[in-house]
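Take a look at the structure below.
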Amino acid sequence: MSWLDLDDDEPEFDEADIRVRPNPKANRPRTKRRPAHADARIARVLGVDRGRYTVLIDEDGPDEHTALATRARELRKHPIVTGDRARVVGDTSGSTGTLSRIVGIEERTSLLRRSADDTDQVERVVVANADQMLVVVAAADPEPRPRLVDRYLIAALDAGIRPLLVVTKTDLADPDDFLAHFEGLDDLEVFTSGRERMPVDEIGTRLVGHSTVFVGHSGVGKSTLVNALVPTADRATGHVNEVTGRGRHTSSSTVSLRYLGDDGRGWVIDTPGVRSFGLGHVDPANILKAFTDLAAVAEECPRGCTHLPDAPDCAIIDAVAEGRLGERGAARLDSLQRLLSTFG
């Protein structure tokens, strides 16, 4: 039978007659569109513990309080760190048993990072939105490490953070020889602290109106200083191993603490002690910024000068050889070259 033999009264079929199999789970189709969260509140991330974030709601406002939050699924690959300004939704009351949700991070003004070593390009975010770094180093027990401090200073300057330096345990050793290594640095404010006197008021004045991240080798007295500045901090303190000469890690997490001084308030961000500070993420061009005395001389170097020992016509090398940079010039140049050589 051909199509010509079909009865004109036979029904015709169209797309509406096709049966569609229902969704067995009765859920909505997935979409990449995310809610705007117009009702989100801005909160400061104070710390993180096992996937739960302590956030400060309504900072400096009449309803200031803390709450617990978790991160939204869409942020699972986005690092959220102490100091971040987060957008929070859900139950932000802070009542026992409640849990809000972080759905976004505000643009950061600064980001302090470190890598595992100088060959590691993967960054570890330490803190966000800090504008000062207080480097804590002991005059003895453990022995001060100038090159580690150089690394702290480079990381700070690379992040656009102003560095400060405090030398503790000055009752055990004279810090002058160590501090001479940094005499050529411009605008590096230095504090000294000993058993008889801790410069709490002087340092506190510099904390007002700032978010200051405290960094230092384990055992240098960083947590002791934090507890003196923030009496409610209750940060654990430790001692130096008599055999290895190394400090024991006491602070296990990064946390923001409110500093309340006579002149105003600020933020103290305490970090765990570290024995190394990789600079694999740093732009090598920024290394020279931590050696301002050498950077001034480097302006006379030929274009593209590496400042390494085999660099021809390097003005810094010539200045050190001629004694124009003082007794510490050679040591400063050695530190610079050691750092630059890791990026060669």
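The values are calculated or read from the model by the stated rules, or taken from the named source; none is laboratory data. These numbers were taken from a predicted model, which means no experiment stands behind them. Note that each Cβ is placed from the backbone with ideal geometry, even for glycine, and that neighbours are counted across all protein chains shown.
General observations
- Taken together, the residues in the range 194-221 that are at pLDDT 95 or above, small (G, A, S) and not in a strand (DSSP E or B) amount to 2.
- All told, T82 meets the bar of being touching a Leu at 6+ places or on another chain (Cβ under 7 Å) and in a loop (DSSP other than H, G, I, E, B).
- With respect to the conditions (1) surrounded by 13 or more Cβ atoms within 10 Å (Cβ to Cβ); (2) farther than 29 Å from Y152 by Cα, S95 falls short on a single one, namely (1).
- Candidate set from the range 153-169 (those that are in a loop (DSSP other than H, G, I, E, B) and of a type outside the set (G, A, S)); member that is farthest from H217 (Cα to Cα): I161
- Those residues of the range 123-152 which are under 13 Å from V215 (Cα atoms) and either of a type in the set (A, V, I, L, M) or in a loop (DSSP other than H, G, I, E, B) (or both), in sequence order: V126, V127, A130, M133, L134, V135, V136, V137, A138, L148, V149
- Condition check for G273: of a type outside the set (A, V, I, L, M, F, W, C), more than 22 Å from L148 (Cβ to Cβ) and either at pLDDT below 95 or exposed (fewer than 14 other Cβ atoms within 10 Å of the Cβ) (or both): no
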